[in-house]
Amino acid sequence: MAETIVPVGHEPVGHEPPPEVTHLRHHFATTEQQLDASMLGMWTFLITEVLFFGGMFTAYAVYRFMYPAAFASTSVYMDVWLGGINTAVLICSSLTMAMAVRSAQLSRERPLVLFLILTMIFGTIFLVIKYIEWHSKWVEHLVPGFNFQYNEAPQYTHHAQILFFLYFCMTGMHALHMIVGLGLLTYLLIQAIRKVFTAYYFTPVEMIGLYWHFVDIVWIFLFPLLYLIGYHHPK
Amino acid sequence: MATIVQGTPEAVAEPVDYLNVSHTWKSWLFTTDHKRIAVLYLISITLMFVLGGAAAVAFRINLLSPEGVFSAETYNRLFSMHGIIMVFFFLVPSIPATLANFLIPIMIGAKDLAFPRINLLSWYIYVVGALFAIYAVVRGGVDTGWTFYAPFSSTYSNSYVLAAAFGVFIAGFSSILTGLNFIVTVHKMRAPGMTWSRLPLFVWSNYATGLIQVLGTPVLAITMLLLAFERIAHVGIFDPNIGGDPILFQHLFWFYSHPAVYIMILPGMGVISEIISCFSRKRVFGYNFVAFSSMAIAVLSFVVWGHHMFITGESMYSSIAFSILSFLVAVPSAIKVFNWTATMYKGSISFDTPMLYAFGFIGLFTIGGLTGLFLATLATDVATHGTYFVVAHFHYVMVGGMVMAYMGGLHFWWPKITGRMYSEAWSKFSALLVFVGFNLTFFPQFILGYLGMPRRYHNYPPEFQTLNVLSTAGASVLGLGYLLPIIYFLHSLKYGARAGNNPWGAAGLEWQIQSPPTTFNFDETPVVTEEAYNYGPVEEIVG
Ligand SMILES: [Cu+2]
């Protein structure tokens with residue numbers, strides 16, 4: 001049965017399975033309405049997230065505009081290689097997430113489990129690399145509020161501190177979203193192993209997929225802003 | 001038949017409704033019924049309203065004499081807690097979380113909101129946020145004003161800023177979830193035939209509110225978070241000593257907090273549309289204009305925040321732009337006022353309590369709105385900024401407008417929510433008290449502001465005393481006007497007459513179902529075949 005391909009939106013008419021399979025909740029009339037509502041809810045939530053990160057991007061833009069020289073001086077400490085690898089890792093995880101969603105839509109249980117695990121592995125690699133980067137900043141006394149000392153260009157100490165705060169704030173908030181995403185993926189994985197998801201019910205996979213892509217896109221903006229703009233090679 | 005039911009109520013089995021379906025604590029605390037969640041919200045925000053009101057009573061007593069009763073420190077904490085509680089824990093959730101939560105699914109013919117469990121979650125989040133705010137009060141309060149301006153809040157204040165800011169941060173998520181739920185519900189849960197152009201205007205205005213909640217509140221959240229980082233770790237982002245920019249805090253704060261004004265007033269405008277139409281027995285004049293003016297307000301509200309910063313270091317050119325845009329936002333608001341007035345023209349008007357509140361709303365909101373134009377004008381703002389003129393202006397909008405509408409809505413839908421009628425005489429009397437008390441409280445503040453009395457001071461020159469005493473006297477009357485409904489509403493729960501399904505003879509799906517409604521509102525999904533407010537020619541009703 002699992003091999004039967006049921007194209008999305010082409011389920012046989014009049015053969016809607018019972019609620020145990022479709023997970024149709026009482027206040028919805030049809031599974032289609034339920035899926036539509038969930039997806040719109042997720043998109044709306046992501047708009048909220050855009051505005052949430054938007055506040056930090058605004059702060060970044062303002063300070064970059066006010067203190068360009070201090071900002072340029074900090075780029076020495078940004079590891080473009082680690083950032084670049086992380087970008088690639090996240091793009092891969094987006095691909096495997098998209099494959100997972102497609103597998104769920106086609107009722108393919110084993111590929112679904114496989115792609116979910118792959119996505120989680122990529123997500124974890126990202127966080128490990130991020131940890132390595134943060135750790136080196138800690139060692140170099142670049143954490144505002146804890147041990148900030150700026151020897152690169154002492155005249156910029158104050159302004160560089162604001163940049164490093166923004167760096168930690170933005171990448172930290174992004175990493176927090178990654179951790180939440182990994183939690184959600186764990187939930188999906190358990191449900192997938194229990195064979196809950198079928199072509200009749202894949203709403204959570206698609207919703208969490210959207211969330212995951214969103215978190216990736218945030219990084220796609222963070223990487224050039226924090227690592228590439230004003231980049232010059234370390235001496 | 002009816003007399004038998006009234007004579008021996010015990011003998012007849014009461015029909016099952018959402019209230020008597022179960023009486024356990026669990027059935028309330030784990031409910032996903034939008035109507036029960038609305039009731040939970042109603043109780044919570046009423047408690048917060050009483051708390052915020054108590055702070056207002058205290059500082060109005062202080063202002064009876066020019067020297068003041070409390071220290072400057074205490075006074076600062078009183079008005080700050082009043083502002084924080086009233087804005088974030090009463091006004092923002094007021095109509096959306098209670099009346100709209102209860103009514104939107106019913107008005108569009110749905111069994112519930114799109115996400116019932118998220119709806120319940122939003123209430124729990126609200127409660128946690130409120131507990132943080134209450135904790136801040138109990139520990140000694142906050143003295144930053146409700147605006148939390150940096151660097152005072154982030155560096156210099158030694159009050160409980162973090163607890164209060166964290167409460168605001170958390171409560172914001174409950175607001176976001178409510179807005180998100182409304183947006184999805186209005187898009188996806190409408191009954192067959194309930195087209196966008198047939199939606200009650202109350203639904204339109206709460207939909208527009210939802211958009212603002214979803215787009216604005218996250219910016220407040222990140223602002224509060226940055227403020228917390230600054231206060232805890234002194235990272236410098238708002239600290240001018242090391243190049244941080246306090247003005248940035250104000251930009252971020254007002255990017256939410258101006259639109260928040262419309263989170264607070266738009267749902268009230270929706271209530272007024274419903275009430276005016278019902279008690280004039282007429283379709284709302286220019287339905288499309290009223291509906292789209294809600295959307296226009298939602299959009300424009302995001303581009304006017306700079307009018308709070310005319311004298312705080314904003315460039316002259318931005319100020320000019322923000323001034324013009326602020327004038328623009330008055331247009332859709334005026335459209336609404338004109339259309340309500342036109343709705344009443346040649347209508348068959350009756351003067352029930354909800355309508356009295358609606359009259360109050362139109363008059364007071366108009367004054368509040370027009371004095372807003374004084375403040376949007378650059379030159380007059382320089383003179384009146386930071387005076388009682390501003391205080392009077394936004395209380396005319398928030399209290400004279402929103403709280404009036406909230407009270408009107410409560411009186412309008414109370415029979416639907418509880419199945420009971422309240423005392424007609426007492427409710428009219430208290431509506432009168434609210435109107436008189438409100439004007440007596442706040443009109444003198446326009447004059448005080450015009451004369452130059454600054455806000456947020458615990459003392460003042462003796463020549464301002466007469467007006468301040470008048471204002472405090474008004475506040476006492478107003479307080480009584482708010483206290484009475486709490487009493488007669490509670491009284492009605494047990495002793496009120498049965499309201500019946502449609503005590504006002506109103507149009508709208510909510511009046512066609514049982515009072516109080518059953519858990520799933522409708523036995524069968526209704527099919528809508530007519531426009532909203534189909535009251536027919538006035539003559540027929542009168543005859
Ligand atoms: Cu404003």
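Throughout, read-outs are computed from the coordinates displayed, never taken from laboratory work. Predicted model only: the values in this text are computed from it and were never measured. Neighbour counts are summed over all protein chains in view; Cβ atoms, including those assigned to glycine, are modelled from backbone coordinates with ideal geometry.
Before moving on, here are some points about what is shown:
- Summarising the overall dimensions of segment B:126-172 from its C-alpha atoms, the Rg and Dmax are 10.0, 29 angstrom.
- Sorting A:Asp216, A:Asp36 from the fewest to the most surrounding beta carbons within 10 angstrom yields A:Asp36, A:Asp216.
- The long axis of helix A:157-193 is offset from the longest Cα principal axis of chain A by roughly 20 degrees.
- Helix B:424-451 vs. chain B, principal-axis angle (Cα, 0 to 90°, nearest 10): 20
- Radius 11 Å from Cβ of B:Pro151, net charge of other residues (Lys, Arg +1; Asp, Glu -1): -2
- Residues A:Ile217 and A:Leu114, FRET efficiency given R0 of 25 Å [Cβ-Cβ distance, rounded to 0.05]: 0.55
- Listed by Cβ neighbour count within 10 Å, with the fewest neighbours leading, A:Thr44, B:Thr98 appear as A:Thr44, B:Thr98.
- Contact order normalised by residue count of segment A:140-235, Cα under 8 Å, 6+ apart, percent: 23
- For segment B:158-169, 3J(HN,Hα) computed residue by residue from phi via the Karplus equation (6.51, -1.76, 1.60; θ = phi - 60°) reads 10, 10, 8, 4, 4, 4, 5, 4, 5, x, 5, 4 Hz, glycine and proline entered as x.
- Cα centroid separation, segment A:91-121 to segment A:156-224 (Å): 16
- Per-bin percent of Cα-Cα distances, segment B:271-395 [5 Å]: 2, 11, 18, 18, 16, 13, 10, 7, 4, 1, 0
- With Cα atoms, 0 to 90° folded angle of helix B:465-495 axis to chain B main axis: 30
- log₁₀ of I(q)/I(0) at q = 0.08, 0.10 Å⁻¹ - the protein assembly as shown, Debye sum with one point per alpha carbon: -0.74, -1.12
- Principal axis extents of the C-alpha atoms in chain A (largest first, rounded to whole Å): 74, 30, 26.
- Cα-based shape type of segment A:7-123, given that a ≥ b ≥ c are square roots of the gyration tensor eigenvalues and the cut on a/c is 1.5: oblate
- A cut-off of 5 Å between modelled amide H atoms, ignoring neighbours fewer than 5 places along the same chain, links B:Thr387 with B:Arg455.
- Inter-chain shielding of A:43-49 (mean C-beta neighbours from other protein chains, 10 Å cut-off): 6
- Principal axis dimensions, chain B - Cα atoms, whole angstrom, descending: 76, 45, 43
- Exposure proxy order (Cβ contacts within 10 Å, fewest to most) of B:Arg456, A:Arg108: B:Arg456, A:Arg108
- Descending by average beta-carbon neighbour count within 10 Å, the peptides B:372-382, B:422-432 line up as B:422-432, B:372-382, the highest first.
- Span from the segment B:368-418 Cα centroid across to the segment B:233-251 one, whole angstrom: 32
- Across the alpha-carbon atoms of segment B:424-543, the computed radius of gyration and Dmax are 22.7, 67 angstrom.
- With contacts taken as Cα pairs under 8 Å at a separation of at least 6 residues, segment B:35-542 carries a relative contact order of 18 percent.
- Average beta-carbon neighbours from other chains, 10 Å sphere, peptide B:225-237: 5
- Per-residue mean of foreign Cβ neighbours for A:156-163 is 4 (Cβ atoms of other chains, 10 Å radius).
- Working note: Cα atoms of segment A:115-235, range along each principal axis, descending, whole Å: 62, 24, 24.
- Listed pairs B:Lys111/B:Lys188; B:Lys111/B:Lys416; B:Lys26/B:Lys188; B:Lys336/B:Lys428; B:Lys35/B:Lys188; B:Lys111/B:Lys494 exceeding 22 Å between Cα atoms: B:Lys26/B:Lys188; B:Lys336/B:Lys428; B:Lys111/B:Lys494
- A:Thr198 long-range amide H proximity, modeled H, under 5 Å: none
- Peptides ranked, highest mean first, by Cβ atoms within 10 Å: ranges A:77-89, B:355-367, B:442-454: B:355-367, B:442-454, A:77-89
- Ordering of B:461-467, B:142-148, B:256-262, B:28-34 by burial proxy (mean other Cβ atoms within 10 Å per residue, highest first): B:256-262, B:142-148, B:28-34, B:461-467
- Rounded to the nearest 20 debye, the dipole magnitude of the protein assembly as shown is 440 debye, with +1 charges on Lys and Arg beta carbons, -1 on Asp and Glu beta carbons, and the Cα centre as origin.
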